[in-house]
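Everything on this sheet refers to the single structure shown next.
The values are calculated or read from the model by the stated rules, or taken from the named source; none is laboratory data. Here the structure is a predicted model, which is why all the values come from computation and not from measurement. Cβ placement follows ideal geometry from the backbone for every residue including glycine, while neighbour counts extend to all protein chains displayed. Heads up: the accessible areas ignore ligands, DNA and RNA and are worked out on the full protein's heavy atoms, side chains in. Shrake-Rupley method; radii C 1.70, N 1.55, O 1.52, S 1.80 Å.
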Amino acid sequence: MPIFPADIFTEPSDVDPDTLANLGPLRRLAGSWEARSGVDLAPKPDGPERRVYIERVDMVPIDPQANGPQLFYGLRYHTHITTEEEDVTFHDQVGYWLWEPATGLVLQTIAIPRGQVAIAAGQATPDADTLVLTATRGQTEYGICSTAFLEYAFRTDSYRIELTFNPDGSWHYVTDTVLTVRGQTAPFAHRDENRLVRVGEAVANPLQRILAAKSD
Ligand code: HEM
């Protein structure tokens, strides 16, 4: 367990307003990304279904977030996934990627409109080429919370993401989501994988843009 200070209220007074300069290992994620070659393995009544998908990810820097001594720099993200075969959204996900420079903590918050949220956590160095984050159902800190129906029919027991930065500037992820599907004895390995290529540059966070405009 981390040791937290006795003073839980005092916030740092010297917070750098420039998020892009303080994102540590998340710096390379800022901007917009696309890919056409994602692979999904999802549960269906007759067994696993494999689908190839098209993905768009937007990662937008947010202002520094202080809570007492806890200081995060981060990105707000939106992942939108479709397929060649169908126009309807295949998967939609929003949340934050957060970095705590003082401790090396990396978080991904996940919200999925089937009625599910999670916080996955990991540790990294500022120049890390690989990030590994996990969330486990039942944990109150880095856990998974779902609707009553999902708990009954498609219980999500764990989530793991491994994200790798490639030398060419692209990045690749593999997510392993373990489901207990009602009526099946073995856990279902719901796996998604893709390599994202940059289609949009990073923009500065709101406060940094305001300060830059004032100094013009
Ligand atoms: C690229 C990422 C993902 C894609 C493309 C994706 C896609 C899918 C698809 C196509 C299904 C089957 C839906 C249906 O039959 O109606 C499914 C089921 C499910 N997924 Fe994902 N998923 C992704 C990530 C995740 C993550 C990160 C979680 C949880 C942390 C998750 C949790 C679930 C659950 C609980 C189900 C079963 C419920 C159901 O079938 O309706 N998925 N997913």
Within the stretch 10-61, residues in contact with a strand residue (DSSP E or B) (Cβ under 8 Å, 6 or more places away or on another chain), of a type in the set (S, T, Y) and at pLDDT below 95 come out as S37
Being within 16 Å of the ligand (Cβ to nearest atom), out of contact with any helix residue (DSSP H, G or I) (no Cβ under 9 Å at 6 or more places or on another chain) and modelled with pLDDT under 95, is that true of even one residue in the stretch 87-97?
-> yes
Looking across the stretch 70-98 at residues that are more than 19 Å from R27 (Cα to Cα) and surrounded by 15 or more Cβ atoms within 10 Å (Cβ to Cβ), the single one that is farthest from the chain's Cα centre (by Cα) is T83
Exception for P167 within (1) out of contact with any Phe, Trp or Tyr (no Cβ under 8 Å at 6 or more places or on another chain); (2) within 11 Å of the ligand (Cβ to nearest atom) falls at (2)
| query | Condition test on V106, is it crowded, with 16+ Cβ neighbours inside 10 Å and more than 10 Å from the chain's Cα centre (by Cα)? | reply | no
So the strands (runs of 3 or more DSSP E) completely within the stretch 61-127 holding 2 or more residues that are touching a residue at least 12 places away in the same chain (Cβ under 8 Å) and farther than 23 Å from C145 by Cα are 70-82
Within the stretch 157-189, residues part of a strand (DSSP E or B), open to solvent by 40 Å² or more (accessible area, probe 1.4 Å), more than 17 Å from S37 (Cα to Cα) and in contact (Cβ under 8 Å) with a residue 24 or more places away in the chain come out as R160, E162, T180, A189
Within the stretch 141-151, restricting to residues that are of a type in the set (S, T, Y) and within 11 Å of the ligand (Cβ to nearest atom), the one that is least open to solvent (accessible area, probe 1.4 Å) is S146
In the stretch 13-66, residues that are of a type in the set (A, V, I, L, M), within 16 Å of the ligand (Cβ to nearest atom) and crowded, with 19+ Cβ neighbours inside 10 Å total 4
